[in-house]
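Have a look at the structure below, then the notes.
The values are calculated or read from the model by the stated rules, or taken from the named source; none is laboratory data. This one's a predicted model, so the numbers in the text were calculated from it and none came from an experiment. Here the Cβ positions follow ideal geometry from the backbone for every residue, glycine too, while neighbour counts run over all protein chains shown. Protein only, heavy atoms only, side chains kept; ligands, DNA and RNA dropped before computing areas. Shrake-Rupley method; radii C 1.70, N 1.55, O 1.52, S 1.80 Å.
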Amino acid sequence: MSKNNPVTVGVVGCGTIATAVIRGIGRIPELRKTHVSKVIVNPRNQENAQSLKDEFPDWVTIAPDSQSVL
C-alpha cells in the first residue's frame, strides 16, 4: 500500500474480528484517505455488515455474495 495508490480491500467473512479490524481502520481518517479507499464486505453476517455500512456509508460496500468479494 502506498499513499499514492490507495487500495480496495475485500473481506471474506464479517465476524467479530473482521468487524473490529475494519472499524479500527475506518476510525483513522488518514488511513481511509491514503491507504484503504474502499472496503467490500461479505454479506454472510448481515448484522455486522450492515452495522459497518451504517457507520461508514461512503467507505463500506456490502457485496451481493461471497464470490463478489474475491
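For the reader, a short list of remarks on this structure follows.
- Test result for Lys53, of a type in the set (Lys, Arg) and in contact with a Pro (Cβ under 9 Å, 6 or more places away or on another chain): no
- Counted residues, region 8-19 - those being of a type in the set (A, V, I, L, M) and either over 22 Å from Leu70 (Cβ atoms) or over 11 Å from the mean Cα position of the chain (by Cα) (or both): 1
- Residues of region 56-70 satisfying the condition of being open to solvent by 70 Å² or more (accessible area, probe 1.4 Å) and not in a loop (DSSP other than H, G, I, E, B): Gln67
- In region 24-47, the residues that are in contact (Cβ under 8 Å) with a residue 24 or more places away in the chain and either surrounded by fewer than 16 Cβ atoms within 10 Å (Cβ to Cβ) or closer than 18 Å to Gln67 by Cα (or both): Lys33, Thr34, Ser37, Lys38, Val39, Ile40, Val41, Asn42, Pro43, Arg44, Asn45
- Residues in region 36-55 that are more than 10 Å from the chain's Cα centre (by Cα) and assigned to a helix (DSSP H, G or I): Gln46, Glu47, Asn48, Gln50, Ser51, Asp54, Glu55.
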